[in-house]
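The values are calculated or read from the model by the stated rules, or taken from the named source; none is laboratory data. Quick caveat, the model's predicted, so the values are computed rather than measured. A quick note on method: Cβ atoms are made from the backbone with ideal geometry, for glycine too, and the neighbour counts reach across all protein chains shown. The protein model used for the area step is the full one, side chains on, heavy atoms only, and it has no ligands, DNA or RNA in it. Shrake-Rupley method; radii C 1.70, N 1.55, O 1.52, S 1.80 Å.
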Amino acid sequence: MDEEVLMACQECDALQRVPWVPAGRKVRCRGCGTTLYHHPRGGLDRPIALLLGAMVLYVLANSFPLVTLDIGGASRETSLIGTAWALYNHDMKLLGILVFLTSLAVPGAILFSTLYVLVGLRLQRSLPGLRQMLALLSHIHPWEMADVFVISILVALVKMSGMAEVIIDAGLYALVGYILLGIAASASIDVFVLWRRLERIDHFSHGELSFEAGK
Amino acid sequence: MTVLLRAKSLGLASCGICRQVVRLPLPSATQPKCPRCGGRVHSRLPHSLVRTWAFLIASMVLYIPANVYPVMKNTYLGAESSNTILSGVALFLKEGDWLLAFVIFTASIVVPLLKMVSLLYLLMSVRKPPVARRARQQTVLYRVTELVGRWSMVDVFVIGILTALVQMGAISTVEPGIGAMAFGAVVVLTMLAAISFDPRLIWDQEKQ
Ligand SMILES: [Zn+2]
Ligand SMILES: [Zn+2]
């Protein structure tokens, strides 16, 4: 394999021909040291398996309460949507929408569209909208904050623990599991490698068997 | 060591979405579309500096009400109290919750301020020709700034969770304050500022 790829670093614009490395290795920019791409181990099957697990846990995390608070016999529970809804209902509509998007909608959208893209590539098919979804993923990634939300729950619980009884519910365990699987999955995904796979599928489906790297 | 050429100096640009290297048309009347992903390819993000300045200044302005106004109003057995971000941290310290005080202080005060200062520094320094080692450090600084920004949302989420949980009628209630709204806007605006900044500008104007 002495295939090469022409890349320009996204952070310093240095143009360079880099080798197409085997799985498990990463390539750094010769100018600034940024990772240009990493070729994850485990092919497509590993992230698909991890994300399927994450999807089950995401559904569970949204089906059960996360925590319950008990003050003198009166108890209240909340969930991801419940937190957004509480802000929305207490005259903080925009803040409620922001919490809904960052803790629930964007993580869900990323999860489902990543799975769709991976399954499409695994089946060697350009499923409808696959290209757009892969492009969308690069844009919405910074707005995914489910992990920040979990830390926030812990902060809120410690704050409340002095004056009330705090019960951790099934939803929180599912949410933590979902985040851990999500971290493992994103470590086994590289967007540049996915685009190259997609390109290969397109070339084959158009009957062009020759593949020129970096042109 | 071979000398590295910048893609821009050869009339090439990397697609921001799929990283395909694309040749830019010389009179850049029309922005070329990427042959691989169909996205628009820019040699540098359009109006990067103006947009970063705009988001940054807006976030600095809103940072004032975010700290002056209460982020949370709490009633406990009839006694009412309201807290700003800083008085909330002070309360944790008074109660001996050092870890929580540290978490909230870092996420709500240190991170937003560091983001603003480092973006300000980057915006100032791109006007001067780069020195190789400093350009490298600035690139790292930018990457860190972009990565840590989302953690500022901790306070907004905590306020939301407490608002949802602590609604016990006469015993205790929590209401979000107007400061929380301003603080949420600060987090979003500093993130938009970081996203609008094109780190490749750090390396421009280099003497070849
Ligand atoms: Zn670089
Ligand atoms: Zn592209």
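Quick check on this structure: which one of A:46, A:125, A:76 is charged (D, E, K, R), at pLDDT 95 or above and open to solvent by 60 Å² or more (accessible area, probe 1.4 Å)?
The conditions single out A:46.
Does the range A:1-18 include one or more residues that are out of contact with any strand residue (DSSP E or B) (no Cβ under 7 Å at 6 or more places or on another chain), modelled with pLDDT of 90 or more and more than 16 Å from ligand 1 (Cβ to nearest atom)? Outline the logic, then answer.
Residues of the range A:1-18 out of contact with any strand residue (DSSP E or B) (no Cβ under 7 Å at 6 or more places or on another chain): A:1-3, A:11-12.
Checking which are modelled with pLDDT of 90 or more leaves us with A:11-12.
Narrowing the set further to residues that are more than 16 Å from ligand 1 (Cβ to nearest atom) leaves none.
No, that holds for no residue.
Can you name the residue in the range B:43-98 that is open to solvent by 60 Å² or more (accessible area, probe 1.4 Å) and touching a Ser or Thr at 6+ places or on another chain (Cβ under 6 Å) and is also farthest from residue B:125 (Cα to Cα) among such residues?
B:76
Looking at (1) more than 16 Å from ligand 1 (Cβ to nearest atom); (2) among the β-branched types (Val, Ile, Thr); (3) open to solvent by less than 50 Å² (accessible area, probe 1.4 Å), which one does residue B:126 not meet, given that it meets all the others?
If we test residue B:126 against (1) more than 16 Å from ligand 1 (Cβ to nearest atom); (2) among the β-branched types (Val, Ile, Thr); (3) open to solvent by less than 50 Å² (accessible area, probe 1.4 Å), just (1) comes out false.
Being crowded, with 19+ Cβ neighbours inside 10 Å, more than 8 Å from chain A (Cβ to nearest Cβ) and out of contact with any Ser or Thr (no Cβ under 7 Å at 6 or more places or on another chain) is true for just one of B:182, B:193. Which residue is that?
Of the residues listed, the single one that is crowded, with 19+ Cβ neighbours inside 10 Å, more than 8 Å from chain A (Cβ to nearest Cβ) and out of contact with any Ser or Thr (no Cβ under 7 Å at 6 or more places or on another chain) is B:182.
Count, please, the residues in the range B:101-128 that happen to be away from chain A (no Cβ under 14 Å) and among the hydroxyl-bearing types (Ser, Thr, Tyr).
Residues flagged as away from chain A (no Cβ under 14 Å) and among the hydroxyl-bearing types (Ser, Thr, Tyr) within the range B:101-128 amount to 3.
Would you call residue B:173 surrounded by fewer than 24 Cβ atoms within 10 Å (Cβ to Cβ) and assigned by TED's automatic domain parsing to the domain that holds residue B:58?
The answer is yes for residue B:173.
Look through the range A:1-33, keep the residues that are touching a residue at least 60 places away in the same chain (Cβ under 8 Å), away from ligand 2 (no atom under 16 Å from the Cβ) and in a strand (DSSP E or B), and return whichever of them is farthest from residue B:202 (Cα to Cα). Show your work before the answer.
Step one: list which residues in the range A:1-33 are touching a residue at least 60 places away in the same chain (Cβ under 8 Å), which gives A:3-7, A:17, A:20.
Filter once more, keeping what is away from ligand 2 (no atom under 16 Å from the Cβ): A:3-4, A:17, A:20.
When the remaining residues are screened for being in a strand (DSSP E or B), the result is A:4, A:17.
Values: A:4: 27, A:17: 22 Å.
In this case the residue turns out to be A:4.
Could you say which residue among A:125, A:196 is within 16 Å of ligand 2 (Cβ to nearest atom) and of a type in the set (Lys, Arg)?
A:196
Return the residues of the range A:49-70 that are under 17 Å from the mean Cα position of the chain (by Cα) and open to solvent by less than 20 Å² (accessible area, probe 1.4 Å); say none if nothing qualifies.
Passing the criteria: A:51, A:54, A:61.
Pairs under 6 Å by beta carbon, first residue more than 13 Å from residue A:70 (Cβ to Cβ) and away from chain B (no Cβ under 11 Å) in the range A:161-190, partner hydrophobic (A, V, I, L, M, F, W, C) and open to solvent by 60 Å² or more (accessible area, probe 1.4 Å), six or more apart or different chains?
A:170/A:64; A:171/A:64; A:174/A:60
For the range B:12-42, name all the residues that are away from ligand 1 (no atom under 16 Å from the Cβ), within 14 Å of chain A (Cβ to nearest Cβ), open to solvent by less than 50 Å² (accessible area, probe 1.4 Å) and over 23 Å from the mean Cα position of the chain (by Cα).
Matches in the range B:12-42: B:18, B:20, B:22, B:24, B:34, B:36, B:37, B:38, B:39, B:41.
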